[in-house]
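None of the figures in this text is laboratory data; all of them are computed from the coordinates on show. Given the structure is predicted, the values throughout are model-derived calculations rather than measurements. Here the Cβ positions follow ideal geometry from the backbone for every residue, glycine too, while neighbour counts run over all protein chains shown.
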Amino acid sequence: MKKMMRRTLAAMAAGAILATAGPALAQGKVLKFVQNGNLTILDPIWTTAYVTRNHGYFIYDTLFASDENNVVKPQMVDKYDVSADKLTWTFTLRDGLEWHDGTPVTSEDCIASIKRWGARDAMGQKLMDFVKDYKAVDAKTFQMILKEPYGLVLDSLGKPSSQVPFMMPKKVAETDPFKQIDSQIGSGPFIYVNAESKPGEKHVYNKNPKYKPRAEPPSGLAGGKVVKVDRVEIIEMPDPQQQVNAIAAGEIDVIEQPPHDLIPILKKEKGVTLFNWNPLGHQFIYRFNWLQPPFNNPKIRQAALLTIRQEDYLKATVGEPEYYKVCTAAFICGTPNAFDAPGGLFVKPDFEKAKALLKEAGYDGTPIVLMQSTTLPVLTNVAPVTKALLEQGGFKVDMQSMDWQTLVTRRTNKGPVGQGGWNIFHTFSVAADILNPIATSYMVANGDKAWFGWPTDPEMEKLRDAYAKETDPAKGKALAKAVQDRALETAQYGWIGQWYGPGAMRSNVSGWLKAPVPVMWNVEKK
């Protein structure tokens with residue numbers, strides 16, 4: 001009886017959101033997908049938010065893509081060539097690529113797209129340091145000419161997650177990288193239906209009938225992007241319990257990231273299957289604002305790191321040990337660049353040493369503004385843990401709660417807290433984003449061009465440059481360790497634990513690919 005009541009309530013609760021889809025909901029060719037947060041920003045170059053990255057994979061395509069083994073493969077590119085001196089890279093596009101408005105994809109489009117992405121993304125910025133010029137050889141062939149050889153060209157163009165080098169029409173890609181685009185025309189496997197989309201309720205994507213997939217089988221984000229449904233609707237349903245009730249009742253088909261405390265309920269549902277779509281997992285971090293007091297003082301940042309106890313975060317947010325790992329390595333435990341932090345850092349706090357550092361640094365007790373996200377379940381409990389640990393270390397903390405999209409917007413503010421600024425916030429990254437010093441945006445330390453928090457550290461940039469140029473794997477690993485050591489020395493940011501979590505899908509749904517991004521091509525609904 002309770003189960004029946006719960007399902008009835010779920011249907012009623014979801015009804016208001018789903019009603020606008022009408023009779024189409026009864027068709028097996030409509031897939032209803034709930035992401036881990038609401039989608040309000042549609043420019044995947046302007047923000048690193050994962051919901052926006054997901055939107056990008058629906059409507060855009062990439063020159064290269066990473067397969068399920070993290071090997072970079074051609075995607076929009078048919079063939080490529082590197083000159084003997086390794087300075088000229090020549091790319092030729094596949095036949096049949098066209099934008100959603102029917103115009104062909106050209107070399108000029110791709111050059112403009114690379115430039116815009118390269119102005120914002122950490123890995124793109126480093127690539128741009130090596131680029132001397134571009135040349136459109138013809139409509140389908142273009143060249144990237146380097147100042148000196150660079151070993152991460154394909155890794156950069158095939159970057160799997162935020163920010164992804166999505167290709168856009170030239171007139172769109174020429175938008176100022178620090179302003180949002182106003183067009184949703186891509187060349188990808190889905191077309192965004194603006195007229196039927198309403199932020200806060202749903203976003204609608206129709207199958208692109210003119211999209212020509214690659215011939216290879218799909219693997220990760222690479223291979224043939226074969227769409228097997230007519231339509232995908234991203235349903236915006238921020239209440240996690242409502243999500244679970246709705247998938248149990250068959251009102252939605254896929255949940256990207258169910259909260260860990262509700263996974264036991266889903267395991268008992270006969271009509272629901274759990275799927276580990278991102279086996280490499282994720283990492284929690286917190287980010288300091290280097291521009292504003294008190295974290296413009298390195299000793300105060302160091303004091304904060306001394307208060308971290310990863311297990312406190314992991315127990316509060318994930319709970320079950322099968323879904324988390326205490327990991328003091330910046331570049332993900334179990335991967336080639338993983339090195340433990342020294343002296344028990346991040347495992348055993350030293351609150352007395354933190355207090356001594358605060359006193360030495362002249363901390364005046366002004367409360368730090370800690371932004372808490374309340375709409376991403378996996379982040380909701382992180383900020384209260386930070387508040388408690390920092391206060392044990394002698395800080396005063398003003399925790400301000402807000403939805404994730406407000407936080408994402410506010411973190412762009414470089415001003416003082418009295419003018420809408422901030423001191424510290426949390427986020428998480430899929431492991432694929434943080435496997436080395438170049439891909440990890442948190443390690444960039446070039447001031448205004450750096451990721452939110454804007455650290456400036458020329459020594460860190462020298463180390464990252466050396467890593468980018470190094471071709472010997474052993475020397476590369478040593479440089480990755482040097483980068484991590486430098487980040488700890490300056491307290492550039494804090495990494496606070498590694499975690500995993502399955503997605504959920506109805507049992508009549510299949511074909512969800514293992515990748516660092518939840519992609520909806522290859523997914524079939526019977």
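Summary of computed values
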{"read-out": "Mean residue ellipticity (222 nm) of the chain, computed from DSSP H runs ≥ 4 via -39,500 (n - 2.57), nearest 500", "value": "-8500 deg cm²/dmol"}
{"read-out": "For a label point 7 Å along the Cα-to-beta-carbon line of ALA136, residues of the stretch 76-105 with backbone N under 12 Å", "value": "104-105"}
{"read-out": "Net charge dipole size for the chain [Lys, Arg +1 and Asp, Glu -1 on Cβ; Debye, nearest 20]", "value": "820"}
{"read-out": "Across LYS348/LYS477; LYS126/LYS514; LYS270/LYS526; LYS159/LYS449; LYS86/LYS159, pairs whose alpha-carbon gap is larger than 22 Å", "value": "LYS348/LYS477; LYS126/LYS514"}
{"read-out": "Separation of the CYS333 and ASP182 label points, Cα + 7 Å toward Cβ, nm", "value": "5.0"}
{"read-out": "Under 16 Å from LYS170, Cα to Cα: lysines that are on another chain or at least 8 residues apart", "value": "LYS115, LYS135, LYS140, LYS179"}
{"read-out": "Cα Rg, Dmax (largest Cα-Cα span) when computed across the chain, Å", "value": "23.0, 73"}
{"read-out": "Cα-based reach from LYS210 at 17 Å (exclusive), listing aspartates and glutamates while leaving out same-chain residues under 8 positions away", "value": "ASP61, ASP95, GLU98, ASP101, ASP230"}
{"read-out": "Loop-resident sites, the stretch 224-288, for trypsin sites (Lys or Arg not before Pro), counting at most 10 other Cβ within 10 Å (DSSP)", "value": "LYS270"}
{"read-out": "Distribution of pairwise C-alpha distances over the stretch 282-499, 10 Å bins, in %", "value": "9, 35, 39, 16, 1"}
{"read-out": "Under 23 Å from LYS353, Cα to Cα: lysines that are on another chain or at least 8 residues apart", "value": "LYS299, LYS387, LYS396"}
{"read-out": "For the chain, cysteines whose Cβ has no other cysteine Cβ within reach (under 4.7 Å)", "value": "CYS110"}
{"read-out": "Translational diffusion of the stretch 374-526, µm² s⁻¹ [Kirkwood Rh, Cα pairs; Stokes-Einstein; 20 °C; 1.002 mPa s]", "value": "116"}
